[in-house]
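These notes are about the structure you will find just below.
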Amino acid sequence: MLVVGMTCLTFASVPLYNLFCRVTGFGGTTQVAADVPEVILDREITVRFNTDVAKGLAWRFVPEQTQLKVKVGEQRLAFFTAENLADKPLTGMAIYNVTPNEVGIYFNKIQCFCFDRQTLAPGEKMQFPVSFFIDPEIVHDKTLDDIRTITLSYTFFNADTSEIP
């Protein structure tokens, strides 16, 4: 019975860990929101954008802006461009996080290319948007009063051959 229980726990550990990260923002995991806040505060935070492509995916992936100044509670839109450099279609999946890790619970995405796999034909170039806001509740977290910059990072992995972390 103990072996069966441990086996079930092993299979459930990854989904449970992912759920824990999404709920708590642990490790810089961002939140997903359906609606934008009704209030926009005067506090501004600079959001920087970082992009990477994992080995094994012949893509070029860059932010169209290096940073945006965002008022807390304000919905913003950022754009990224991906280009397939290979001579065959490739499917990628982006993983993401924010730093400092503690702001993950307050960084909300409404829509993001990172929610789905993306397929690009050979030589195809595509623009990917992300719609986001910083939750006004961040102002009540006194440990984050000094936060002036958040970095949103994406890494694209080859969804056809890689195990996405």
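A short reminder: the numbers here are calculations on the coordinates, not readings from a lab. Values in this document were obtained by computation on a predicted structure and should not be read as measured data. Glycine also receives a Cβ, built like all others from the backbone with ideal geometry; neighbour counts cover every protein chain displayed.
Count the lysine pairs in the stretch 32-126 whose Cα atoms lie under 22 Å apart, taking only pairs 8 or more positions apart in sequence or on different chains.
On the way: 55/88; 55/125; 69/109; 71/109; 88/125.
Count of close lysine pairs: 5.
Can you tell me the order of 124-137, 63-76, 97-110 when each peptide is scored by its average per-residue count of other Cβ atoms within 10 angstrom, highest first? Walk me through the numbers on the way to the answer.
Details: 124-137: 17.4, 63-76: 15.6, 97-110: 19.3.
The peptides rank, most packed first, as 97-110, 124-137, 63-76.
How many Å³ per residue does the convex hull of the Cα positions in the stretch 21-136 occupy?
Numbers: hull volume 11.3 nm³, N = 116.
Each residue corresponds to 98 Å³ of Cα convex hull volume.
Using r as the Cβ-Cβ distance of residue 81 and residue 116, and R0 as 22 Å, what FRET efficiency do you calculate, to the nearest 0.05?
Details: r = 17 Å, r/R0 = 0.77.
Using R0 = 22 Å, I get an efficiency of 0.80.
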(request) State, to one decimal in nm², a quarter of the convex hull surface area for the C-alpha atoms of the stretch 77-165, i.e. the direction-averaged projected area. (result) 6.4
(message) Please list, in order along the stretch 52-66, the HN-Hα scalar couplings obtained from phi with the Karplus expression 6.51 cos²θ - 1.76 cosθ + 1.60 (θ = phi - 60°), rounded to whole Hz, x for Gly and Pro.
(response) 9, 10, 5, 4, x, 10, 7, 10, 9, 9, 9, x, 7, 9, 7
(message) Take residue 35 and residue 62, extend 7 Å from each Cα along the Cα→Cβ direction, and tell me the distance between the two endpoints in nm.
(response) 4.0
